[in-house]
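First the structure, in the form of structure tokens, and then the observations on it.
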Amino acid sequence: MDVLSERSSRVVSLAKLHRAPVRKTQQRFLVEGANAVDAALSTGRAHAVLVREDSTDRFGDLLARATTAARPVYLLSARAADKLAETTTAPGIFAECELLTVDLDAVLAARPRLLAVAVEPREPGNVGTLIRCADAMGADAVVLLGASVDPHNGKVVRASAGSIFHIPVVRADSVDSALTAIRAEGIATLATAADGEMGLDAADTVLAEPVAWLFGNEAHGLPDDVLAGADHRVSIPIHGRAESLNLAAASAICLYAAARVQHSK
């Protein structure tokens, strides 16, 4: 099998997928690392697998699965692997995948009971962690609204630890239209707010029904109109001296609280 160099047309083309506009145009993205490649193969999303030529033994199981699934496997030189990697140390294995986002209408048609909704999130690591938490807590989907980071961003994918392949992810430009559609399905919207009229510890009755947790931008929180339009404003009890929680921490706490109630029925 030929070894692709950093100058080969395939490597040059795949390296361009590091840019969001190229991913959108070509409707594909690149993932790196064993966790992501494993999830891509398990869900049938991997179109091809690429591995550094000196790492074939290390990733033998993944390569065997790719071959069984009739997915092409390409060998990479060390420099080619470095060109495709977004991490400091190239992991040695990559997968070319189709984009993962789905329409909000399709998610709502499945009558979800728990949604994680982020309004204009910009920090890739937080969004990846949100996706991972939502997957772990059995949420039905993650919804990214407004000018959000691309969920196919490499940092998002790595922070999700493979969960981006396991849970539906929606990306919608209009915050108002999406929230209106969610409420129209009888799903209560819950906004996290320090001065919320309801404490999280007292929210079990609300959490027992279909809910969508709303989380704000890392720097500015939820917009005033979104806060005002939420069905409930819920405060997370803080017993120490921290002034607030970031999106990743708040989402883990709130999604766990909802999962605890909904899965105890």
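The values are calculated or read from the model by the stated rules, or taken from the named source; none is laboratory data. This is a predicted model, so every value here is computed, not measured. Here the Cβ positions follow ideal geometry from the backbone for every residue, glycine too, while neighbour counts run over all protein chains shown.
Might you let me know whether segment 42-49 holds any residue that is among the small types (G, A, S), farther than 12 Å from M1 by Cβ, assigned by TED's automatic domain parsing to the domain that holds A90 and in contact with a strand residue (DSSP E or B) (Cβ under 6 Å, 6 or more places away or on another chain)?
Let us first name the residues in segment 42-49 that are among the small types (G, A, S), namely 42, 44, 46, 48.
Now narrow it down to the ones that are farther than 12 Å from M1 by Cβ: 42, 44, 46, 48.
Subsequent filtering for residues that are assigned by TED's automatic domain parsing to the domain that holds A90 retains 42, 44, 46, 48.
Applying the additional criterion that residues be in contact with a strand residue (DSSP E or B) (Cβ under 6 Å, 6 or more places away or on another chain) yields 46, 48.
The answer is yes; a qualifying residue exists.
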Unmet requirement for C254, which otherwise passes all of (1) surrounded by fewer than 19 Cβ atoms within 10 Å (Cβ to Cβ); (2) in a helix (DSSP H, G or I); (3) touching a helix residue (DSSP H, G or I) at 6+ places or on another chain (Cβ under 9 Å); (4) touching a residue at least 24 places away in the same chain (Cβ under 8 Å): (1)
Going residue by residue through segment 7-24, is there one that turns out to be in contact with a Pro (Cβ under 9 Å, 6 or more places away or on another chain) and either over 20 Å from N153 (Cβ atoms) or in a helix (DSSP H, G or I) (or both)? no
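If we keep just the residues of segment 197-216 that are out of contact with any helix residue (DSSP H, G or I) (no Cβ under 8 Å at 6 or more places or on another chain) and either within 27 Å of R111 (Cβ to Cβ) or among the polar types (S, T, N, Q) (or both), which is surrounded by the most Cβ atoms within 10 Å (Cβ to Cβ)? If you could, list the steps in order and put the result at the bottom.
Restricting attention to segment 197-216, the residues satisfying the condition of being out of contact with any helix residue (DSSP H, G or I) (no Cβ under 8 Å at 6 or more places or on another chain) are 197, 199, 201-202, 205-206, 209-210.
Applying the additional criterion that residues be either within 27 Å of R111 (Cβ to Cβ) or among the polar types (S, T, N, Q) (or both) yields 202, 205-206, 209-210.
Working: A202: 11, T205: 9, V206: 16, E209: 13, P210: 18.
The residue in question is P210.
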Out of (1) of a type in the set (A, V, I, L, M, F, W, C); (2) touching a strand residue (DSSP E or B) at 6+ places or on another chain (Cβ under 8 Å); (3) part of a loop (DSSP other than H, G, I, E, B), the odd one out for V149 is which? (2)
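In this structure, does V175 turn out to be within 17 Å of L115 (Cα to Cα) and touching an Asp or Glu at 6+ places or on another chain (Cβ under 8 Å)? Spell out how you get there, then give the answer.
On the way: within 17 Å of L115 (Cα to Cα): yes; touching an Asp or Glu at 6+ places or on another chain (Cβ under 8 Å): yes.
Yes: the conditions hold for V175.
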A194 fails exactly one of (1) under 16 Å from R113 (Cα atoms); (2) surrounded by fewer than 18 Cβ atoms within 10 Å (Cβ to Cβ); (3) in contact with a strand residue (DSSP E or B) (Cβ under 7 Å, 6 or more places away or on another chain), namely (1)
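Give the residue, chosen from T180, T189, that is in a strand (DSSP E or B), among the polar types (S, T, N, Q) and either at pLDDT 95 or above or farther than 21 Å from R19 by Cα (or both).
T189
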Output the residues belonging to segment 22-37 that are more than 12 Å from C97 (Cβ to Cβ) and buried (at least 19 other Cβ atoms within 10 Å of the Cβ). G33
I need every pair where a residue in segment 122-148 that is farther than 26 Å from H263 by Cβ has its Cβ under 6 Å from the Cβ of a residue that is crowded, with 19+ Cβ neighbours inside 10 Å and of a type in the set (D, E), sequence separation at least 6 or different chains. G146/E120; A147/E120; S148/E120
Kindly indicate the residue of segment 73-99 that is surrounded by fewer than 20 Cβ atoms within 10 Å (Cβ to Cβ) and hydrophobic (A, V, I, L, M, F, W, C) and also farthest from M1 (Cα to Cα) among those meeting that condition. L99
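Picking from F59, F29, which residue would you name as being out of contact with any Leu (no Cβ under 8 Å at 6 or more places or on another chain) and either without any contact (Cβ under 8 Å) to a residue 40 or more places away in the chain or within 23 Å of N153 (Cα to Cα) (or both)? Break it down into steps so the answer makes sense when it comes.
Numbers: F29 fails: out of contact with any Leu (no Cβ under 8 Å at 6 or more places or on another chain).
Residue meeting the stated conditions: F59.
I'd like the residue in segment 192-205 that is part of a loop (DSSP other than H, G, I, E, B) and without any contact (Cβ under 8 Å) to a residue 40 or more places away in the chain and, out of all such residues, is farthest from the chain's Cα centre (by Cα). Write out each step before concluding.
Just the residues of segment 192-205 that are part of a loop (DSSP other than H, G, I, E, B), to begin with: 193-197, 203.
With the extra rule that they be without any contact (Cβ under 8 Å) to a residue 40 or more places away in the chain, the set shrinks to 196-197.
Values: G196: 27, E197: 30 Å.
Only one residue fits best here, namely E197.
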